[in-house]
Ligand SMILES: CC(C)(COP(=O)(O)OP(=O)(O)OC[C@H]1O[C@@H](n2cnc3c(N)ncnc32)[C@H](O)[C@@H]1OP(=O)(O)O)[C@@H](O)C(=O)NCCC(=O)NCCS
């Protein structure tokens, strides 16, 4: 794969970063993402990194690193109707003393070249700031909702909810690690699947996600778990912490919900009923709810929950024919896409995409036929997981269609019955 060059200045160089340079990584991390803790405290936390995929940038005459990036090996990243090998770009940081010299641009090239070399057809990330990655061909492919719920928020009733047994358990790594992994994976694996519902595939990532070191608690209690069981079989969980405050002498605690998984409607109802009625609390903060989350269907008054919509997974298509053939489509498809890509020239041009609804035999071939849809690779990335609105992107001028009928066929085929999204930030 040939990338538009983005070389580092002569005084800088890319290096592999082995595990024994953890302190350099953590030091740069704290320059890039300011926090109250020290390198020594961060070192006590388990690292989620896959060390054979950690890269740094060194500068002449400077100790340590001035730039870094890494990727997670998502071998089974869910895309519509299938899973793909995806590179999860992460731990991107540039020292504030070296920013805006093109280090990030060079690091993205390095990342994409390495991912292509490993046969990863797509790169995915969650962004610290949404304005950063569009220029590199990443499109916002899923959205999440955050809620601030009042205690006692009313839920639509679900028959059978009272038969779900809810255990209140102090979080214990050994006790809960497999339960969380299995239920989380099961929630994404039903058909039609949940695109973007990426699992913590490596042991390092699973361990890092579950870390409950005091510095991640933000002044709240150690992690608590609700575990739902039906006839003794686990059907869901909620991870949460409470923080008790007494403004004016009145209890006004907050419940921070990290992640909930429910395999059936009674479980979802039973878990949320408990979270919404904990003594000494007045509000329940929930981040990272995908648009497929049952809570959005359970709430009687969404408005009272003050919903905030935000970007979630960003997708960069690296190998266009591989990526488009690697997903399924929600209706029969036979369209010519004309794609622009300033960074990866092999992706640019006209492609005929043919597929039968929900079937695996997708063909993606170059063509000189007239285009039905024109868009750039970031817009294609935005639609790749089956979320995003082709109508909205067309309205914004990000894609053009040869006719309203072509736009309708494209929007239907590229959509998916389950809205995409990840329940956690990577
Ligand atoms: C974001 C960050 C990695 C950018 O690194 P950098 O080396 O300064 O970026 P570059 O010099 O390669 O910039 C490349 C382009 O991106 C733009 N850009 C960089 N950071 C940006 C930001 N935060 N918002 C908007 N645009 C940004 C630059 O202006 C430049 O644009 P141009 O090519 O049109 O001139 C760095 O500022 C940083 O570490 N920030 C704090 C940590 C962070 O947010 N990391 C990202 C985690 S997802």
Footprinting proxy, 71, 161, 392, 283: sorted fewest to most Cβ within 10 Å, the residues are 392, 283, 161, 71
Sort 334, 264 so the one with the fewest other Cβ atoms within 10 Å of its own Cβ comes first.
-> 334, 264
Which distance in Å, rounded to a whole number, links the C-alpha centroids of the range 141-167 and the range 196-249?
-> 16 Å
Can you give the Kirkwood hydrodynamic radius of the range 96-197 from its Cα pairs, in Å with one decimal?
-> 19.1 Å
Among rounded, prolate and oblate, which fits the range 324-414 when a ≥ b ≥ c are the square roots of the eigenvalues of its C-alpha gyration tensor, a/c under 1.5 means rounded, and a/b larger than b/c means prolate?
-> rounded
Between residue 179 and residue 233, the two model label points (7 Å from Cα along the beta-carbon direction) sit apart by a distance in nm of 1.7 nm
Efficiency of FRET from Cβ geometry, residue 306 and residue 169, R₀ 22 Å, rounded to 0.05 | 0.15
Please state the equivalent ellipsoid semi-axes for the chain: what are the square roots of 5 times the Cα gyration tensor eigenvalues, largest first, in whole Å?
-> 36, 30, 18
Counting only the backbone N, which residues of the range 53-81 are under 19 Å from the spot 7 Å out from the Cα of residue 15 toward its beta-carbon?
-> 53-71
What's the exposure ranking of 375, 380, going from fewest to most Cβ atoms within 10 Å?
-> 375, 380
Round to the nearest 0.05 the FRET efficiency obtained for residue 44 and residue 75 when R0 = 30 Å and r is the Cβ-Cβ distance.
-> 0.55
Please say if the range 205-263 is rounded, prolate or oblate, where rounded means a/c under 1.5 for a ≥ b ≥ c the square roots of the C-alpha gyration tensor eigenvalues, and otherwise the choice is prolate for a/b larger than b/c and oblate otherwise?
-> oblate
With no solvent and one equal point scatterer per Cα, compute the Debye intensity ratio I(q)/I(0) for the range 12-142 at 0.17 Å⁻¹ and report its log10, rounded to two decimals.
-> -0.95
Determine, from the Cβ-Cβ distance of residue 62 and residue 132 and an R0 of 22 Å, the FRET efficiency 1/(1 + (r/R0)^6), rounded to the nearest 0.05.
-> 0.40
Looks like the range 144-214, by Cα gyration tensor root eigenvalues a ≥ b ≥ c and the a/c under 1.5 rounded cutoff (else prolate when a/b is bigger than b/c, oblate otherwise), is prolate
Between residue 221 and residue 400, what is the label-to-label distance in nm when each label sits 7 Å out along the Cα-to-Cβ direction?
-> 6.0 nm
Among 250, 121, 83: highest mean-square fluctuation, GNM of the chain, C-alpha pairs under 10 Å | 250
CD proxy, 222 nm, the chain: helix-only mean residue ellipticity via -39,500 (n - 2.57) per DSSP H run with n ≥ 4, per residue, nearest 500, stands at -7000 deg cm²/dmol
The extension gain from residue 358 to residue 252, computed as 0.36 nm times the residue separation minus the Cα-Cα distance, is 33.2 nm
Angstrom value of the Kirkwood radius, inverse mean 1/r, which spans all Cα pairs in the range 258-368 | 18.1 Å
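Taken together, the values in this text are just the output of simple stated rules run on the coordinates, not laboratory data. Note that the structure is a prediction, hence the values are computed from the model and not measured. Methodologically, a virtual Cβ is constructed for each residue, glycine included, from the backbone with ideal geometry; neighbour enumeration extends over all protein chains shown.
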